[in-house]
Amino acid sequence: MPWLWNSWEEYLDWVYPVAVNTNGGLWHAKKDTSFENSCRLFEAVRKIEDSTNSLRALGFTGKDNARPPTDPAVSQQARNIVLEAVYAGEELLFFDKRLCIAANDPAYGFRHQKSILENWERYSATLRIASEIHQLVEDIDVMMSGYYTLLQADNRFIVDNLDLPNSLEVDFRLARDLFSIGFDEIGLLIAGRGLEGVLRKIASERKILLQTKKPLPACEADTNDLIEVMYRVKWKTTGVTLISKETRALLHYLRTMRNGSAHPRDDAKPNPGARELALVTSQTANQLWNRVSNTRARLEPKIVQKDW
């Protein structure tokens, strides 16, 4: 799963597991496919939900307006369930580190409250153990709420307000899917391909040509020429360019990044603003398409002489 931690040490520093065996084979998941690790993540979610439901059935609801059971026997009955919940929670944090590094850190409470396992004997000597289990359920609920919020955000990312034909939207949906499992760099490249696809479709429908030795449909030109042609096309009534300087620069940046990915450098670093750029890219594509498709206003020139 691409949302895995960069190193085992980083996971230990953030999660400091008390149930997951640090000498076990979990770290080998880095060599497994994203599909396999997605299955493990979903299984961890299922185990968390099953175990917390079992704790609720015993009376540990995690609700502020409810008191946990005071019978020590009930708390002891909950011990193995607590172990299962903590183990599954640590697995979830292993496979989706965003829960720890998100701005609101929905896993904060769980990461601290799971120390209940290390202090079980001491807490069991008093009635404190019941309130600690109760608090653990509340913290797990907060963490899982954060997890489902991430899923909803993943589902809406860059496609939420798109109004494009299906043939032009497909790249943005693929980019959304790639971002949802952590392939940010590739997701940005595909979003760039989506914007390029919109530009090519406009060039085709408006019959824009590139003049070199002989006229060539701009929609068939290489990406650099396509960008330069469409930058030189203007609305006839206003003289305003079809694409702005900023859009031209964005397109060239995405083109350069795509070309660079074919010749990776050893010192290449991930783009920390990939999500923001992808969002700008999808919004630009949407605005450009709707501005052109919703008007009969003419674009000129129809034939652009190559002078770059």
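Summary table below
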| read-out | value |
| --- | --- |
| Residue check, Val142 out of contact with any helix residue (DSSP H, G or I) (no Cβ under 7 Å at 6 or more places or on another chain), assigned by TED's automatic domain parsing to the domain that holds Leu41 and β-branched (Val, Ile, Thr) | no |
| Residue match in segment 142-150 (condition: in a helix (DSSP H, G or I), of a type in the set (Phe, Trp, Tyr) and touching a residue at least 24 places away in the same chain (Cβ under 8 Å)) | yes |
| Elements of type helices (runs of 4 or more DSSP H) in segment 155-239, at least 3 residues being under 18 Å from the mean Cα position of the chain (by Cα) | 166-180, 184-205 |
| Residue within segment 187-202 that is more than 30 Å from Ser34 (Cα to Cα) and touching a strand residue (DSSP E or B) at 6+ places or on another chain (Cβ under 9 Å) present | yes |
| Residue satisfying all of: in segment 292-308; basic (Lys, Arg) and in contact with a strand residue (DSSP E or B) (Cβ under 9 Å, 6 or more places away or on another chain); surrounded by the fewest Cβ atoms within 10 Å (Cβ to Cβ) among these | Arg298 |
| Residue within segment 59-81 that is of a type in the set (A, V, I, L, M) and closer than 30 Å to Asp184 by Cα present | no |
| Segment 49-74 - residue that is in a helix (DSSP H, G or I) and of a type in the set (A, V, I, L, M, F, W, C) and, of those, farthest from Glu121 (Cα to Cα) | Ala57 |
| Residue check, Trp3 among the aromatic types (Phe, Trp, Tyr), in contact with a helix residue (DSSP H, G or I) (Cβ under 8 Å, 6 or more places away or on another chain), in contact (Cβ under 8 Å) with a residue 12 or more places away in the chain and assigned to a loop (DSSP other than H, G, I, E, B) | yes |
| Unmet requirement for Thr126, which otherwise passes all of (1) outside any helix (DSSP H, G or I); (2) under 30 Å from the mean Cα position of the chain (by Cα) | (2) |
| Criterion (in contact (Cβ under 8 Å) with a residue 60 or more places away in the chain and under 17 Å from Asn290 (Cβ atoms)) met by exactly one of Leu199, Leu189 | Leu199 |
| Residue selected from segment 6-26 under the condition of a type outside the set (Gly, Ala, Ser) and assigned to a loop (DSSP other than H, G, I, E, B), by the criterion farthest from the chain's Cα centre (by Cα) | Asn23 |
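Each row is one residue, and each column tells you yes or no for (1) out of contact with any helix residue (DSSP H, G or I) (no Cβ under 6 Å at 6 or more places or on another chain); (2) in the same structural domain as Ser282 (by TED's automatic domain parsing); (3) over 26 Å from Glu36 (Cα atoms).
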site: Tyr87; (1), (2), (3): yes, no, no
site: Pro106; (1), (2), (3): no, no, no
site: Lys114; (1), (2), (3): no, no, yes
site: Gln135; (1), (2), (3): no, no, yes
site: Thr149; (1), (2), (3): yes, no, no
site: Phe183; (1), (2), (3): yes, yes, no
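The values are calculated or read from the model by the stated rules, or taken from the named source; none is laboratory data. Keep in mind that what you see is a predicted model, and the values were worked out from it rather than measured. Positions of Cβ are backbone-derived with ideal geometry, glycine not excepted, and every protein chain shown enters the neighbour counts.
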